[in-house]
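Chemist: Below you'll find the structure I mean.
The values are calculated or read from the model by the stated rules, or taken from the named source; none is laboratory data. Because the structure is a prediction, the values reported are computed rather than measured. We place every Cβ from the backbone using ideal geometry, glycine too, and count neighbours over all the protein chains shown.
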Amino acid sequence: MIYIFHLLDKPDAADLRLRVRPEHKIYLAAVADRIAFAGPLLADDGQTMVGSLLAIEFESRLAADVWLASEPFNLTGLYASREVHVFTNLWPQRAGFPPAA
């Protein structure tokens, strides 16, 4: 199943996000073959990161929760809120996705 992680940063956490981002990217790389999509949520200016939206395949909700528990942004207290939901993709991606490598 694909799980959507909707994760919003605490206010004024931009420095923490930038400092921990390399660890976050390494952690994501470990599940890269199961990522449907992933990226930062942005403020209306299109540049300021305010959270994360991740869609990752896991065998169970427990596995998704265990993964999130050790995610570097989560461990450092970056997120003000965390929501995880099962997702079923019923629409082909056509816009906003980079070409397949």
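Chemist: With the condition kept exactly as written, say whether any residue in the stretch 87-101 is modelled with pLDDT of 95 or more and not aromatic (Phe, Trp, Tyr).
Modeler: There is no residue in the stretch 87-101 that is modelled with pLDDT of 95 or more and not aromatic (Phe, Trp, Tyr).
Chemist: If you scan the stretch 71-101, which residues turn out to be among the charged types (D, E, K, R) and touching a helix residue (DSSP H, G or I) at 6+ places or on another chain (Cβ under 9 Å)?
Modeler: Glu71, Arg82
Chemist: Same structure again: So for the stretch 85-92 (the condition being under 16 Å from the mean Cα position of the chain (by Cα) and within 23 Å of Arg17 (Cβ to Cβ)), does at least one residue qualify?
Modeler: Within the stretch 85-92, one or more residues are under 16 Å from the mean Cα position of the chain (by Cα) and within 23 Å of Arg17 (Cβ to Cβ).
Chemist: What is the number of the single condition among (1) out of contact with any helix residue (DSSP H, G or I) (no Cβ under 7 Å at 6 or more places or on another chain); (2) among the charged types (D, E, K, R); (3) part of a helix (DSSP H, G or I) that Glu23 does not meet?
Modeler: Among (1) out of contact with any helix residue (DSSP H, G or I) (no Cβ under 7 Å at 6 or more places or on another chain); (2) among the charged types (D, E, K, R); (3) part of a helix (DSSP H, G or I), Glu23 violates only (1).
Chemist: Moving to a separate point now. Pairs please, first residue from the stretch 10-24 and of a type in the set (Gly, Ala, Ser), second anywhere and loosely packed, with under 15 Cβ neighbours inside 10 Å, Cβ atoms under 9 Å, 6+ apart in sequence or on different chains.
Modeler: Listed pairs, sorted by first residue: Ala13/Gly77; Ala13/Ala80; Ala14/Thr48.
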